[in-house]
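Read the figures in this text as sums done on the coordinates, not as results from a lab. All values derive from a computational prediction rather than experimental measurement. Note: ideal-geometry Cβ built from the backbone for every residue, glycine included; neighbour counts use all protein chains shown.
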Amino acid sequence: MNPLDSRAMSIRRGPRGDVASDLDTVLREQPFAPRLELRAIEPLAEDEAHSGMAFRVATGDGQRYKLRICGSARRARELERLLGALPDVFPRVVARRARHLLIEWVEGERLDDRKELRPHAELLGRLVAEVHCMGGPPGPLRRLRAAWLALRLRRGFRAQLRALGRRGVVDVDTAARARAAFRIWVRRHGTPISLDLWDTHKANFMLEPGGRLRYVDEEGLAYTLKGMGFAKLLAKPGVRYRQPKRLAEWEAFRAGYAQVADADLLTPDYLDYVRLVELVRSIHSKVRLERRLDKVGDEARELREFLAEVKPAEGSSDPPGALPRRFGAS
């Protein structure tokens with residue numbers, strides 16, 4: 001789900017009965033006929049589709065596809081355009097009708113342990129760089145839209161902190177530290193908006209029988225703060241740089257990224273920036289949607305520890321690829 005798409009957010013919060021009614025309508029009206037006739041629709045498991053808006057469908061000829069119900073017809077068109085332009089690591093759209101997308105079904109084994117991602121670190125770096133090369137929002141008003149998204153993200157971050165403070169999830173000191181760090185990083189790095197893989201959770205990657213890695217959560221493509229996906233790709237930032245093995249993984253990712261795009265952005269200072277934004281977004285999303293609340297305490301503690309360790313200084317930043325002393329640099 002696009003974190004900036006309020007329409008998608010409202011659908012996610014809607015009752016399951018509304019979804020069931022929508023699916024009945026799909027089966028009755030057969031939006032992809034005469035090319036394809038849908039015979040059966042079943043929801044994906046929650047760990048495969050957190051939004052609740054992706055389904056496995058079977059057609060009259062026995063083929064299987066994924067049905068994605070987007071928040072709007074505009075979002076469906078956008079995803080179709082993006083998936084058509086990206087490498088075939090991403091699934092392909094087979095058909096579109098209104099806000100419904102019929103997407104290639106990817107067979108394989110989902111990654112059930114984050115360590116399985118690490119041998120593919122260089123490939124993942126290239127994958128993220130390919131997405132970043134798509135740039136910001138398209139169209140004649142792209143600069144205006146990017147500026148609007150940047151403003152919305154900055155205001156949204158502050159509003160999320162206030163909401164978490166009112167609910168007692170984040171204490172006053174942690175919220176003050178987060179605001180101060182965010183203000184410094186915004187001055188230093190701006191709010192660059194780009195197409196990104198914002199959801200790089202391990203369950204969104206599939207290993208096909210031949211060993212090829214695929215990214216199967218097409219809804220994870222979103223225009224947001226560039227690099228949001230870095231925040232949870234391989235390991236927590238506080239862990240990534242302390243151990244030689246983690247450093248080797250990160251260097252492999254960065255090397256893969258550099259094969260496609262300029263990797264100067266990938267400094268530890270910038271990674272701290274996107275990690276802060278992602279942590280606050282993640283906690284707020286769980287609390288607001290009342291889903292996976294068992295994870296909120298752990299993430300709130302991680303936020304406190306992260307802010308206690310990270311102290312961005314005004315007017316200074318790490319050179320490209322450098323490791324700050326708090327991460328064990330000599």
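What the table shows:
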read-out	value
Descending semi-axes in whole angstrom, ellipsoid equivalent of region 128-178, from the Cα gyration tensor	32, 14, 8
Euclidean distance of C-alpha centroids, region 158-229 and region 264-282, integer Å	8 Å
Computed E for residue 142/residue 105 - FRET, C-beta separation, R0 35 angstrom, nearest 0.05	0.60
Sequence of 285, 194, 72 once ranked by neighbouring C-beta atoms within 10 Å, starting from the fewest	72, 285, 194
Local net charge near residue 61, Cβ-Cβ under 14 Å (Lys/Arg +1, Asp/Glu -1)	+2
12 Å beta-carbon shell around residue 138, net charge (K/R +1, D/E -1)	+4
Count of lysine pairs in region 114-327 with Cα separation under 22 Å (8 or more residues apart, or interchain)	22
Net charge of neighbours whose Cβ lies under 12 Å from the Cβ of residue 81, counting Lys and Arg as +1 and Asp and Glu as -1	+1
Amide H partners (placed H, <5 Å) of residue 94, local residues excluded	102, 103, 104
